[in-house]
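Below is one structure, written out as structure tokens, with a few remarks after it.
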Amino acid sequence: MRKLAVLAFVLLAAGSVSAQPAPSPEELNRQMDMLQRETELLMDAIDVDIGALHAINLAYEELFDFQAYTAIDRAVEHIDEVIDEVRARGTGGTFFALDSGRRLLLDARRGAYFFDMNELRLRLHYRAVHPLQRHNLENLLLLQSLSKRSDELERTIDAYLSETLGEVARASGEGIAE
């Protein structure tokens with residue numbers, strides 16, 4: 001009985017969805033334009049965030065050098081190469097992670113606290129690498145949802161085209177028969 005109730009609900013829901021009127025061409029065009037703008041903005045943000053993650057990964061790898069101060073200086077240089085672009089084009093979270101990693105390295109360089117390279121690498125990883133990884137994954141999930149919306153719009157447009165072509169064909173057939 002429960003399976004029958006679920007099946008009835010699914011059929012009723014499907015019927016109500018298919019009974020909705022098709023959006024107008026203007027509405028479809030507006031939705032496509034909005035989707036394109038959102039996708040372009042997100043792709044730009046992903047580009048900046050990937051650059052930031054690449055820079056922090058290079059900085060992290062520099063810390064495996066046995067000469068600590070030279071390694072820290074080179075690590076800071078990698079971050080400095082992208083931090084202005086991230087400040088201008090990126091999100092606050094991306095900038096905060098990069099800046100936090102940079103400040104950690106500069107504090108270690110100035111001797112603000114005693115450090116060993118293993119501890120410094122670990123702190124940099126948790127303070128900058130992990131937040132940037134999470135942020136990039138969140139952006140990729142957003143991009144995936146935009147891709148799904150694009151697929152839905154494409155199916156709606158295909159249905160609209162089929163309906164329109166069907167009407168054109170029916171009108172042609174009726175005109176010939178008369």
Task: In region 83-98, the residues that are touching a helix residue (DSSP H, G or I) at 6+ places or on another chain (Cβ under 6 Å), within 18 Å of His130 (Cα to Cα) and surrounded by fewer than 21 Cβ atoms within 10 Å (Cβ to Cβ) - done: Ile83, Gly93, Phe95
Open item on the list: Taking the criterion of being outside any helix (DSSP H, G or I), within 24 Å of the chain's Cα centre (by Cα) and farther than 14 Å from Arg121 by Cα, would at least one residue in region 70-84 satisfy it?
Closed with: no
- [ ] Output yes when any residue across region 107-124 is buried (at least 17 other Cβ atoms within 10 Å of the Cβ), touching a residue at least 60 places away in the same chain (Cβ under 8 Å), part of a helix (DSSP H, G or I) and out of contact with any strand residue (DSSP E or B) (no Cβ under 9 Å at 6 or more places or on another chain), and no when none is.
- [x] yes
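Quick grid of which residues meet (1) small (Gly, Ala, Ser); (2) surrounded by 12 or more Cβ atoms within 10 Å (Cβ to Cβ); (3) on the phi > 0 side of the Ramachandran plot:
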residue: Glu138; (1), (2), (3): no, yes, no
residue: Leu141; (1), (2), (3): no, no, no
residue: Lys148; (1), (2), (3): no, no, no
residue: Leu153; (1), (2), (3): no, yes, no
residue: Thr156; (1), (2), (3): no, yes, no
residue: Ala159; (1), (2), (3): yes, yes, no
residue: Gly166; (1), (2), (3): yes, no, no
residue: Arg170; (1), (2), (3): no, no, no
residue: Gly173; (1), (2), (3): yes, no, no
- [ ] May I ask you to say which residue of Gly101, Gly93 is among the small types (Gly, Ala, Ser), more than 23 Å from Leu42 (Cβ to Cβ) and in a helix (DSSP H, G or I)?
- [x] Gly101
Task: Answer residue from region 85-113, given it is polar (S, T, N, Q) and under 22 Å from the mean Cα position of the chain (by Cα) and is modelled with the lowest pLDDT among those - done: Thr91
Open item on the list: Against the conditions (1) under 17 Å from the mean Cα position of the chain (by Cα); (2) within 16 Å of Leu63 (Cα to Cα), where does Arg123 fall short? Just the number, please.
Closed with: (1)
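This table checks each residue for (1) touching a Ser or Thr at 6+ places or on another chain (Cβ under 9 Å); (2) hydrophobic (A, V, I, L, M, F, W, C); (3) closer than 23 Å to Gln36 by Cβ.
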site: Ala128; (1), (2), (3): yes, yes, no
site: Leu132; (1), (2), (3): yes, yes, no
site: Gln144; (1), (2), (3): no, no, yes
site: Lys148; (1), (2), (3): no, no, yes
site: Glu152; (1), (2), (3): no, no, yes
site: Arg155; (1), (2), (3): no, no, yes
site: Ala159; (1), (2), (3): no, yes, yes
site: Glu167; (1), (2), (3): no, no, no
site: Gly173; (1), (2), (3): no, no, no
Open item on the list: Can you tell me which condition Phe64 does not meet? The list is (1) in contact (Cβ under 8 Å) with a residue 60 or more places away in the chain; (2) hydrophobic (A, V, I, L, M, F, W, C); (3) loosely packed, with under 15 Cβ neighbours inside 10 Å, and all the others hold.
Closed with: (1)
TODO: Answer yes or no as to whether Glu38 is out of contact with any Ser or Thr (no Cβ under 6 Å at 6 or more places or on another chain), loosely packed, with under 14 Cβ neighbours inside 10 Å and closer than 30 Å to Glu152 by Cα.
DONE: no
- [ ] Find all pairs meeting these conditions: Cβ atoms under 8 angstrom apart; at least six residues apart or on different chains; first residue within region 151-164 and touching a residue at least 40 places away in the same chain (Cβ under 8 Å); second residue part of a helix (DSSP H, G or I) and not hydrophobic (A, V, I, L, M, F, W, C).
- [x] Leu153/Gln31; Tyr160/Pro25
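The values are calculated or read from the model by the stated rules, or taken from the named source; none is laboratory data. None of the values given here were measured: they were computed from a predicted structure. So basically every Cβ, Gly included, is an ideal-geometry build from the backbone, and we count neighbours across all protein chains shown.
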